[in-house]
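*Asks:* The structure is given below, and queries will be raised subsequently.
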Amino acid sequence: MGKCNCFDETLEAMKAHIIEKLPEGVVDFEASWEGHSFILSDRDHVPVNPQINYTYRKIKKDKTPAANLSKGQVKVFCSYCPFCGREIGEDSK
Ligand SMILES: [Zn+2]
């Protein structure tokens, strides 16, 4: 099984579905996946992966907590396509 285009195909299908529900004559319609990432490598991947957001408070030099929260995020790469179930990267094994 080669790479799939499930995310592109699903987006196109959903666009058609959304457009039907919009008022007639709207302009500049755009739709995109939340969290769509362009990964600059040939490594097999799906374009949208779950993301974990985290926050924490740094401790200042005087040992008291900082006023502002620090934020970070990390993406967890899918092992399988959530639409067709193919295993990601199986061609490269
Ligand atoms: Zn797929």
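*Asks:* Below 15 angstrom from the Cβ of Thr64, what's the summed charge of the other residues (Lys, Arg +1; Asp, Glu -1)?
*Replies:* It works out to a net charge of +4.
*Asks:* Given a Förster radius of 41 Å and the C-beta distance between Val76 and Ala16 as r, what FRET efficiency does 1/(1 + (r/R0)^6) yield to the nearest 0.05?
*Replies:* Using R0 = 41 Å, I get an efficiency of 0.85.
*Asks:* Still on this model: Among all stretches of the chain without exposed chymotrypsin sites (Phe, Trp or Tyr not before Pro) (DSSP loop, at most 15 other Cβ atoms within 10 Å), which one is longest?
*Replies:* It runs 39-76.
*Asks:* Right, here's the next one. At 7 Å along the Cα-to-beta-carbon direction for both Glu9 and Tyr56, put a label point, then send me their distance in nm to one decimal.
*Replies:* For the pair Glu9/Tyr56, the computed spacing is 4.2 nm.
*Asks:* Could I ask something else about it? Under Stokes-Einstein, with the Kirkwood radius over Cα pairs standing in for Rh, what whole-number D in µm²/s applies to the chain at 37 °C and 0.692 mPa s?
*Replies:* My calculation gives 194 µm²/s for D.
*Asks:* Run down the lysines and flag those whose C-alpha is under 22 Å from the C-alpha of Lys61, throwing out any fewer than 8 positions away in its chain.
*Replies:* Lys71
*Asks:* Hey, what number do you get for the chain at 222 nm if only DSSP H runs of n ≥ 4 count, each worth -39500 (n - 2.57), divided across all residues, to the nearest 500?
*Replies:* -5500 deg cm²/dmol
*Asks:* OK, next. Could you work out the relative contact order of the chain, using alpha carbon pairs under 8 angstrom and six or more residues apart, expressed as a whole percent?
*Replies:* 27 percent
Bear in mind these aren't lab numbers, they're just calculated from the coordinates by the rules spelled out. Since the model is a prediction, treat every value here as computed from it, not as a measurement. Methodologically, a virtual Cβ is constructed for each residue, glycine included, from the backbone with ideal geometry; neighbour enumeration extends over all protein chains shown.
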